[in-house]
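Report on one structure; see the data block that follows.
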Amino acid sequence: MDPRSLTRPAGTAALACMLALPLAAQTPRAGTIAYWQIDETVGEGALRDAVGDYNFTTLVSTGELAGPAVNPVPNPDAGPFHSGDPAANPGATTAPRGAQADYIAVFDMRLTPWTLEGWFRNDAPPGTHRAPEIIATTRHSGSNWKGWDLILYSGRLRVLMAPPQGKEATLWSTRRFDDGAWHHFALVWRPKVGLRGRVEVFIDSKSVLKGDGVGDLGAGDTTGRRFAIGTQIARDGRSPTLSWRGALDEFRFSSGALAPAQFLNGRQALAPGGARVPPKAAPGAEATPAPAPTPGKGIDPMIRNLKAEYRNGQVFLTWNEGPEHDRRLSVYVSADPIGPATLGKARLLTDRLHAHSANDWYDDPERCPKASGPRHGWVLAPGAPPLDPTGGLFVHTVKPTDPDRVHFAVLAEGQPPTALLTGRNTTREAVATRVEPIQPIWQGSGDAEGHQAAGRNKALAVFLHSHQGRPGGTLTYLMFGDHTMGWREGLAHKFKVSVLDKVVLIEPYDRVWIDRRPTADETYIAYNRLYRNIETWHYGTNDKIYDAELKKTGMPTNYTERLNLWQLDWVAEAYGTHPQRVYAYGASMGTGIQRLVMQEPNRFAVCDLLVP
């Protein structure tokens, strides 16, 4: 990338001569603090800042520049923030490992906002990435691991912030990016948002992770906190560790929290309203104008083919979503058809449904611990094909106050009522409903009725697993809870039922979807910070667990106990077990069984705590 379209602070005449760029050609643009083209080759000894004096003059090993990458990223586009014709981008650099010589406050998470962006490509075979690799960091052994970092770890992006004093915070992306492709990233720091600042990471102009910071990282000892890209500095202060395997290119550090349209790939960013800006036309080609908006499409035309099916006291809503859709969804119900003029009369069922909710996260290794895969959608009937995991699912439990016939609608976050279109994201025909007991859905092999008949008059036992446990084999039943069984209705729960020689054994799996990763401030248990679903330790959660701030004023609620009792009652009836031979036991974390038994002593004959 030619730096002529970027900021050029005073005092860089020598650099201009070195790059053979006439000073008069520079077009100052406020905001750019540093720009590293990362086009250097072996033996050059530095990664040069093309607009300022922040050269990575300390390369922390020999031979760290392995030469230009085979497939450099496209030329960065001109945009509202960075003007002028994009110039040649001759290459990227494989395994660049550069560090500043000293602590530089401008690169720390202090009291002024900033944006770090660039491109990365990892060389791990797609889907196989494991060990952490640094994109950018100020955390090293020499800083006692204080500072911040942006890394790729098991295919996911992670931001970690460790203040001089107090607890660190960790944020994770849900998507993997070990796909062998080039991606534009932008790490945005907003120090004045919330109590301790806010961090957000965009990949290809889409937000993939965001959360609270930990305040001013420079308010204390900053020894050893050197800004580095492509590596972390080992204990000897010189050698690399956790180095990037792949290529990096075109890094820019800007003052201010930039919006996607201001990124270096701004032409590919989302325009206001969510539509994508047409790509830049090739030289001499005619640009194709963007099509005019069509009534009903709104800003997110990817929500389509909404269907509703009633069975066993619940309505199962399914729809298709585009694979790139990443917005939160709202679901509405009404006795009347739902359109732009009638949406205000509809009842909101949830405004916190995540994208691609048709994915069975229990079996998705990227979403749930100890899942064996492969990824698939929910199976909503015995022997039925799974849903498309990129689609959507919401399950509404019928209430006595619901009308006999109802309509539904689904809107993406930010969509106006005018985006509603019958047959696309609002139902064309009303669905007949009635109040009936919820029935779980058989997920096992063979015949559910035969499995249940084999348990007649046997003892019934419930076992609560230990920390990090999961029932072995297939989780044989899937059910979707009502509004009393979780922070929102329609949360999925799986459990296992086994018919043994003398007993029918229930094994609930203690995972609950909360649609975010808890921070280190919320839990010291690192295992509960890995996924968007958590262990409750069989003691429930909070009615606002979905939001770290709202949770502080939420109500602790033992949803897990309600689920376990519901499963116990349903299995006892469906399998016809002996009513006076009901046993309960658990190990380690599973000793939460004692609360269940003490709350309902008349249900159980024996309670055994394996680790009291």
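Residue check: is Pro272 at pLDDT below 75 and either assigned to a strand (DSSP E or B) or under 23 Å from Val199 (Cα atoms) (or both)?
Numbers: at pLDDT below 75: yes; either assigned to a strand (DSSP E or B) or under 23 Å from Val199 (Cα atoms) (or both): yes.
So Pro272 passes the test.
Within segment 158-184, count every residue that is at pLDDT 90 or above and among the small types (Gly, Ala, Ser).
Selection size over segment 158-184: 3.
Can you pull out every residue in segment 308-329 that is outside any loop (DSSP other than H, G, I, E, B) and either crowded, with 19+ Cβ neighbours inside 10 Å or not assigned by TED's automatic domain parsing to the domain that holds Ala412 (or both)? Steps first, please.
To start, the set of residues in segment 308-329 that are outside any loop (DSSP other than H, G, I, E, B) comprises 308-311, 314-320, 329.
Ala308, Gln314, Val315, Phe316, Leu317, Thr318, Trp319, Leu329 - these are the residues of segment 308-329 that are outside any loop (DSSP other than H, G, I, E, B) and either crowded, with 19+ Cβ neighbours inside 10 Å or not assigned by TED's automatic domain parsing to the domain that holds Ala412 (or both).
Give me the residue from segment 565-612 that is outside any helix (DSSP H, G or I) and polar (S, T, N, Q) and, out of that set, surrounded by the most Cβ atoms within 10 Å (Cβ to Cβ). Give the derivation first.
So in segment 565-612, the residues outside any helix (DSSP H, G or I) come out as 576-587, 600, 604-612.
With the extra rule that they be polar (S, T, N, Q), the set shrinks to 577, 580.
Working: Thr577: 23, Gln580: 8.
Filtering first and then ranking leaves Thr577.
For segment 196-205, does any single residue satisfy the condition of being farther than 15 Å from Leu258 by Cβ, out of contact with any helix residue (DSSP H, G or I) (no Cβ under 7 Å at 6 or more places or on another chain) and crowded, with 20+ Cβ neighbours inside 10 Å?
yes
Only residues that are farther than 17 Å from Tyr362 by Cα and either outside the structural domain of Glu489 (by TED's automatic domain parsing) or over 20 Å from the mean Cα position of the chain (by Cα) (or both): list them for segment 542-560, please.
If the condition is that a residue be farther than 17 Å from Tyr362 by Cα and either outside the structural domain of Glu489 (by TED's automatic domain parsing) or over 20 Å from the mean Cα position of the chain (by Cα) (or both), then Asn542, Asp543, Lys552, Thr553, Gly554, Met555, Pro556, Thr557, Asn558, Tyr559 are the ones that fit.
Give the number of residues within segment 202-238 that are touching a residue at least 24 places away in the same chain (Cβ under 8 Å) and either over 24 Å from Trp119 (Cα atoms) or of a type in the set (A, V, I, L, M, F, W, C) (or both). Spell out how you get there, then give the answer.
Step one: filter segment 202-238 for residues touching a residue at least 24 places away in the same chain (Cβ under 8 Å), giving 202-235, 237-238.
Applying the additional criterion that residues be either over 24 Å from Trp119 (Cα atoms) or of a type in the set (A, V, I, L, M, F, W, C) (or both) yields 202-203, 208-209, 212, 214-224, 227-229, 233-235, 237-238.
Qualifying residue count, segment 202-238: 24.
Among the listed residues Gln443, Gln452, identify the single one that is over 20 Å from Lys210 (Cβ atoms), buried (at least 18 other Cβ atoms within 10 Å of the Cβ) and touching a Lys or Arg at 6+ places or on another chain (Cβ under 8 Å).
Just a single option satisfies the conditions, and that option is Gln443.
Could you pull out the residue among Val435, Val504, Val512, Val431 that is more than 23 Å from Cys607 (Cβ to Cβ), in contact with a Gly (Cβ under 8 Å, 6 or more places away or on another chain) and buried (at least 17 other Cβ atoms within 10 Å of the Cβ)?
Numbers: Val435 fails: buried (at least 17 other Cβ atoms within 10 Å of the Cβ); Val504 fails: more than 23 Å from Cys607 (Cβ to Cβ); Val431 fails: in contact with a Gly (Cβ under 8 Å, 6 or more places away or on another chain).
So the residue among Val435, Val504, Val512, Val431 that is more than 23 Å from Cys607 (Cβ to Cβ), in contact with a Gly (Cβ under 8 Å, 6 or more places away or on another chain) and buried (at least 17 other Cβ atoms within 10 Å of the Cβ) is Val512.
Test each condition in (1) surrounded by fewer than 23 Cβ atoms within 10 Å (Cβ to Cβ); (2) modelled with pLDDT under 85; (3) assigned by TED's automatic domain parsing to the domain that holds Ser207; (4) more than 15 Å from Leu116 (Cβ to Cβ) for Ala287 and report the one that comes out false.
Unmet for Ala287, out of (1) surrounded by fewer than 23 Cβ atoms within 10 Å (Cβ to Cβ); (2) modelled with pLDDT under 85; (3) assigned by TED's automatic domain parsing to the domain that holds Ser207; (4) more than 15 Å from Leu116 (Cβ to Cβ): (3).
Mind listing whichever residues of segment 548-564 are of a type outside the set (Val, Ile, Thr), free of Cβ contacts under 8 Å to residues at least 60 places away in the same chain and not in a loop (DSSP other than H, G, I, E, B)?
Those that are of a type outside the set (Val, Ile, Thr), free of Cβ contacts under 8 Å to residues at least 60 places away in the same chain and not in a loop (DSSP other than H, G, I, E, B): Leu550, Lys551, Lys552, Pro556, Glu561.
Name the single residue that is farthest from Leu568 (Cα to Cα) among those in segment 493-526 being in a loop (DSSP other than H, G, I, E, B) and of a type in the set (Asp, Glu). It would help to see each step written out before you state the result.
Of the residues in segment 493-526, the ones in a loop (DSSP other than H, G, I, E, B) are 500-502, 509-511, 514-525.
If we keep only those that are of a type in the set (Asp, Glu) as well, we get 501, 510, 515, 521-522.
On the way: Asp501: 19, Asp510: 15, Asp515: 27, Asp521: 35, Glu522: 31 Å.
Per the stated criteria, the residue is Asp521.
Here are Gly472, Gly490: which of them is among the small types (Gly, Ala, Ser) and either in a strand (DSSP E or B) or crowded, with 19+ Cβ neighbours inside 10 Å (or both)?
One residue alone meets the criteria, Gly490.
Give me the pairs: first residue in segment 570-584 and touching a residue at least 60 places away in the same chain (Cβ under 8 Å) and basic (Lys, Arg), second residue outside any helix (DSSP H, G or I) and buried (at least 18 other Cβ atoms within 10 Å of the Cβ), beta-carbon distance under 6 Å, and six or more apart or on different chains, which are they?
Arg581/Ala459
Here is a yes/no grid of residues against (1) surrounded by 24 or more Cβ atoms within 10 Å (Cβ to Cβ); (2) within 16 Å of Gln100 (Cβ to Cβ):
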position: Leu217; (1), (2): yes, yes
position: Gly220; (1), (2): no, no
position: Gly224; (1), (2): no, yes
position: Ile233; (1), (2): yes, yes
position: Pro240; (1), (2): no, yes
position: Arg245; (1), (2): no, no
position: Ser255; (1), (2): no, no
position: Gln262; (1), (2): no, no
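Taking Pro126 as the residue in question, decide whether it is in the same structural domain as Phe253 (by TED's automatic domain parsing), part of a loop (DSSP other than H, G, I, E, B) and crowded, with 18+ Cβ neighbours inside 10 Å. Talk me through it step by step, then tell me what you get.
On the way: in the same structural domain as Phe253 (by TED's automatic domain parsing): yes; part of a loop (DSSP other than H, G, I, E, B): yes; crowded, with 18+ Cβ neighbours inside 10 Å: no.
No, not satisfied.
Could you check segment 471-498 and list, in sequence order, the residues that are farther than 19 Å from Leu565 by Cα and not polar (S, T, N, Q)?
Applying the first criterion (farther than 19 Å from Leu565 by Cα) to segment 471-498 yields 472-474.
The answer is Gly472, Gly473.
Return yes when Ile545 is in a loop (DSSP other than H, G, I, E, B) and buried (at least 18 other Cβ atoms within 10 Å of the Cβ) and no when it is not.
Numbers: in a loop (DSSP other than H, G, I, E, B): yes; buried (at least 18 other Cβ atoms within 10 Å of the Cβ): yes.
The answer is yes for Ile545.
Can you tell me which residue in segment 463-498 is farthest from Tyr332 (Cα to Cα), limited to those that are touching a strand residue (DSSP E or B) at 6+ places or on another chain (Cβ under 7 Å) and charged (D, E, K, R)?
Result: Lys496.
The values are calculated or read from the model by the stated rules, or taken from the named source; none is laboratory data. Given the structure is predicted, the values throughout are model-derived calculations rather than measurements. No Cβ is skipped: glycine too gets one built from the backbone with ideal geometry, and neighbour counts run over all protein chains shown.
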